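Step one of this worksheet: look at the structure below.
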Amino acid sequence: MSKRIDNDCDSGPPVDLAFKCINSMEDVLQEDPREGPKPIKRCENGKRMSRALRLNNNTLTDLHGFRDIVETLLSEPGRLCWIDLSFNDLPSIDPVLTTYRHLSVLNLHGNSISNLSEVDKLAALPSLKSLTLHGNPIETERGYRSYILSLLPNLKTLDFSAVTKQDRVTADVWRRMNLKPRRVKRSTKE
């Protein structure tokens, strides 16, 4: 988690469930999070005081039940700001991710997302500053970077690469060249 991306996301280490052979969200509660050098504090009810979740390098194909799992694990699930779902087998971007309004870092690289329009869903995340999608089939789409940057103008990094002023200019030109203007229907009286 980068402090440069979001200082507000600095609430302790992530709940680390990476490399646990998790096939479904139901499997998450059967695993103990990996202990890091800095222990995760717990509330009186046993929930973890973290705003970051690592589910990378598992075999997830969907996020059915994600919200319930986050609410079970974290003391403040609505304040989740960092999610790592990289290196799974997710074919799409689940709309549940867009319900976390504080989400500033989302890692989805190394999945199976093949439709570039899946990224459209992420426009609902006003705080999103860092996104990774490389290693998905969509990466080969023409205009991949420009499409994403035109859709998500608040990104500071995309695929672990800083978004430059030139990237913004290129994305703006790409948007003007590729988005068709809406036609205004004229009445028959005109």
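The values are calculated or read from the model by the stated rules, or taken from the named source; none is laboratory data. The shown structure was predicted, so the numbers you read here are calculated from the model rather than taken from an experiment. Backbone-built Cβ (ideal geometry, glycine too); neighbour counts: all protein chains shown. SASA here: full protein model, heavy atoms, side chains in, ligands and nucleic acids out. Shrake-Rupley method; radii C 1.70, N 1.55, O 1.52, S 1.80 Å.
General observations
- Loop sites in the range 38-129: GluC sites (Glu not before Pro), DSSP, at most 12 other Cβ within 10 Å: Glu44
- Three principal axis extents of the range 104-175 based on alpha-carbon atoms, in descending order, are 29, 26, 21 Å.
- Separation in nanometres of the label points that stand 7 Å from Cα toward Cβ, at Thr140 and Ala124: 3.0
- Per residue, the accessible area of the chain comes to 58 Å², computed with a 1.4 Å probe over protein heavy atoms only.
- Cα-Cα P(r), the range 21-130, percent of pairs per 10 Å interval: 14, 47, 33, 6, 0
- Surface calculation, 1.4 Å probe, protein heavy atoms: Thr72 sits at approximately 70 Å² accessible.
- Percent breakdown of C-alpha pair distances by 5 Å bin, ordered from the shortest bin, for the chain: 1, 8, 15, 19, 18, 14, 9, 6, 4, 2, 2, 1, 1, 0, 0
- Computed over neighbours whose Cβ is under 15 Å from that of Ile138, the net charge equals -3, Lys and Arg +1, Asp and Glu -1.
- A probe of 1.4 angstrom, applied to the heavy atoms of all protein chains, finds His134 with accessible area near 50 square angstrom.
- Calculated diffusion of the range 77-139, Stokes-Einstein form, Kirkwood radius summed over Cα pairs, 10 °C and 1.306 mPa s, µm²/s: 137
- Of the solvent-accessible surface of the range 9-124, computed with a 1.4 Å probe and all protein chains present, 48% belongs to carbon and sulfur.
- Rolled with a 1.4 Å probe across the full set of protein chains, the surface gives Cys21 an accessible area near 110 Å².
- Only the Cβ atoms of Lys and Arg (+1) and of Asp and Glu (-1) were treated as charged; on that basis the dipole of the chain about its Cα centre amounts to roughly 1260 debye.
- q = 0.20, 0.31 Å⁻¹: log10 I(q)/I(0) that the Debye formula gives for the range 22-64, counting C-alpha atoms only: -0.78, -1.22
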